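Quick notes on the structure that follows.
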Amino acid sequence: MLVDSKILWHREADVIVVGFGGAGAVAAMTAHDEGASTLVLEKQPAAAHMNNTSMSGGYFITINDVAGAVDYMGAINRVDGQVSWTDEATIRAFAEYSQENSRWLESLGAHLTLRRKGGEHRNVPRSESIDVYGVCGMGYRLMDLLKDGVRSRGIEALFETAACRVLTNECNQVIGIRGRNNGEELNIRASRAVVMAPGGFEFDEEMKLNHLKVYPTYFYGSPANTGDGVRMVQEIGASFWHMNCCAARMVAKFPDFPIAFGLDLGGRGSFLRFERYAHEGEPCAFIIVDKHGRRFTNDGEMRQHTVYYELAVYDSQRLDYPRVPSYWIFDANRMKRGPLPFGHAGPTGAHRAYKWSRDNSVELAKGWIVQGDTVAGLAKKLDMSPDILQDTIATYNSYCDQGVDPEFHRPPRHMKPLGVPPFFGVKLWPGGPNTQGGPRRNARAQVLDGDGLPIPRLYAAGEFGSIFGMLYPAAGGNIAECVAFGRIAGENAARESSIAWQG
């Protein structure tokens, strides 16, 4: 939004950061440490501040080999072998800064554990260049550390202040943000730069319908992510990328609760941190079927972020998505094992936006879980053909007996036969933690216009225009990006020269 010299400025700082999530906090701290006065704007109230970082599992990537990571991420960004989702220079910047992610977080007081060596796509060469770490205390603890870092530096955060316009001068330089607090407009001047880190559009239905590959798609991150930033930078000519991409798989979503749930399908005890559920034994039996009762994928690898794309199959003859919804089918063993969602992230994580019952009885009574005394009885309640579902389970159980799944190659260690009544079903939808789309950025975190040129003094970090395209590199990719590109954006924003305002 172009403003003239008569504008009334209510506040001023060298660097304005929009969004107080992981990326915004890192950018604010980094800009401050580079010598810039910094102000953070956050539309949520302080007492109910809940962002994707604090709702996450606290996993992040650290790169152990920059050249290897550039090769690996370059390969997964060339889905058709030719055109790349993300340019090599930007991938390299991420890899170089992500070398320091573990040390940088440890400097804030984070206690880390190595969770996995190697990227998610083990069949892609040089995936071993990625290590996945976890913050002890998960995303909630990670965000607490970041907030402490902001507070200890004396950086002010204006809560309940929603950014609504990016302000520019006649030279198309970004000079500030117009916000709204309790119905009043605030014009906040940025004498050096603005860093946009407002998150994605997980809770904007129109944007999801128009941009994502399948609708509906539901998310278990913060409901505050409503695409505000996309609309703001669109007005000043930003170009966009990765708008149809998201880190997603399958989730449970129920009409009477606004946030989706990630699921502990095999009952391996992911409530360990908060509810002390710990099951070291074998996973419980389950399968995933489409709405007609047929298996369609390797349901033993449902943690992969690529499963989402398998749900986008559209039947042009029936005008229908046969896999939307899908169904999680399990027996009494899983029901007895403990809460169905995982407890390290989402609404059942540390924020406790929803407290799931220990024995799943409350959710069964609500109708979120469907029960049948027999497989045929369950199928009827799920509007499936009893013959098809019974045949699917019989075939799957025979594969368990053989120790091999010739159809979908489910790993033998994940194959347990279904057979202990009663039987249960939960409706599953495409979804996961977050979207990836937003303004295109370069290796310096500058937001680019339609000609591929930087919009002067405008930067972006985090999932708002994430560097990740269709294929996600590994669990913790977005938190890694918050730390890496938060630092890149904060450094470069702080190093801009000050603009003298003639008012």
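Sub-8 Å Cβ pairs linking a first residue in region 222-238 that is of a type in the set (Asp, Glu) to a second residue that is part of a loop (DSSP other than H, G, I, E, B) and surrounded by fewer than 19 Cβ atoms within 10 Å (Cβ to Cβ), at least 6 apart or interchain, are Glu235/Met1, ordered by first then second residue.
Which numbered condition in (1) outside any helix (DSSP H, G or I); (2) modelled with pLDDT of 95 or more; (3) under 26 Å from Phe20 (Cβ atoms) is the only one that Pro216 fails? Only one criterion in (1) outside any helix (DSSP H, G or I); (2) modelled with pLDDT of 95 or more; (3) under 26 Å from Phe20 (Cβ atoms) is unmet by Pro216, namely (3). Of all the criteria given as (1) modelled with pLDDT under 95; (2) in contact with a strand residue (DSSP E or B) (Cβ under 8 Å, 6 or more places away or on another chain), the one not satisfied by Leu319 is (2). Within region 391-401, none of the residues are outside any helix (DSSP H, G or I) and either without any contact (Cβ under 8 Å) to a residue 24 or more places away in the chain or not β-branched (Val, Ile, Thr) (or both). Restricting attention to region 136-165, the residues being more than 27 Å from His10 (Cβ to Cβ) and either touching a Pro at 6+ places or on another chain (Cβ under 6 Å) or not basic (Lys, Arg) (or both) number 10.
Select from region 191-207 the residues that are out of contact with any Lys or Arg (no Cβ under 9 Å at 6 or more places or on another chain) and touching a residue at least 60 places away in the same chain (Cβ under 8 Å) and list them in ascending order. Ser191, Val195, Met196, Ala197, Gly199, Gly200 - these are the residues of region 191-207 that are out of contact with any Lys or Arg (no Cβ under 9 Å at 6 or more places or on another chain) and touching a residue at least 60 places away in the same chain (Cβ under 8 Å). If you go through region 345-363 and keep only what is buried (at least 24 other Cβ atoms within 10 Å of the Cβ) and outside any helix (DSSP H, G or I), you end up with Ala345, Gly349.
For region 394-446, the tally of residues that are out of contact with any helix residue (DSSP H, G or I) (no Cβ under 9 Å at 6 or more places or on another chain) and polar (S, T, N, Q) stands at 4.
Just to be sure before I move on: is Gly139 touching a residue at least 12 places away in the same chain (Cβ under 8 Å), in a strand (DSSP E or B) and small (Gly, Ala, Ser) in the structure I sent?
Working: touching a residue at least 12 places away in the same chain (Cβ under 8 Å): yes; in a strand (DSSP E or B): no; small (Gly, Ala, Ser): yes.
Judged against the criteria, Gly139 is not a match.
Of the residues making up region 194-207, those that are on the phi < 0 side of the Ramachandran plot and either crowded, with 24+ Cβ neighbours inside 10 Å or not charged (D, E, K, R) (or both) are Val194, Val195, Met196, Ala197, Pro198, Gly200, Phe201, Glu202, Phe203, Met207. Being surrounded by fewer than 22 Cβ atoms within 10 Å (Cβ to Cβ), closer than 23 Å to Ser56 by Cα and modelled with pLDDT under 90, is that true of even one residue in region 256-267? Scanning region 256-267, I find no residue that is surrounded by fewer than 22 Cβ atoms within 10 Å (Cβ to Cβ), closer than 23 Å to Ser56 by Cα and modelled with pLDDT under 90, so the answer is no. Among the numbered conditions (1) over 21 Å from the mean Cα position of the chain (by Cα); (2) of a type in the set (Lys, Arg); (3) crowded, with 24+ Cβ neighbours inside 10 Å, the only one that Arg495 does not meet is (3).
Exactly one residue out of Val26, Val3, Val17 is within 22 Å of the chain's Cα centre (by Cα) and more than 30 Å from Glu128 (Cβ to Cβ), and it is Val17. With respect to being of a type outside the set (Lys, Arg) and under 26 Å from Ile155 (Cα atoms), Gly118 falls outside the description. Take Asn182 and tell me if it is modelled with pLDDT under 95 and either of a type in the set (A, V, I, L, M, F, W, C) or exposed (fewer than 15 other Cβ atoms within 10 Å of the Cβ) (or both). It is true that Asn182 is modelled with pLDDT under 95 and either of a type in the set (A, V, I, L, M, F, W, C) or exposed (fewer than 15 other Cβ atoms within 10 Å of the Cβ) (or both).
The single condition among (1) over 30 Å from Met335 (Cα atoms); (2) crowded, with 22+ Cβ neighbours inside 10 Å that Phe423 does not satisfy is (1). Taken over region 451-498, residues that are assigned to a loop (DSSP other than H, G, I, E, B), aliphatic (A, V, I, L, M) and touching a strand residue (DSSP E or B) at 6+ places or on another chain (Cβ under 7 Å) amount to 3. Listed by position, the strands (runs of 3 or more DSSP E) contained in region 1-85 that have at least 2 residues being more than 18 Å from Gln99 (Cα to Cα) and assigned by TED's automatic domain parsing to the domain that holds Gly139 are 11-18, 38-41.
The values are calculated or read from the model by the stated rules, or taken from the named source; none is laboratory data. What you see is a predicted model, and the numbers here were worked out from it, not measured in a lab. In this analysis, Cβ positions are derived from the backbone assuming ideal geometry, glycine residues included, and neighbour counts consider all displayed protein chains.
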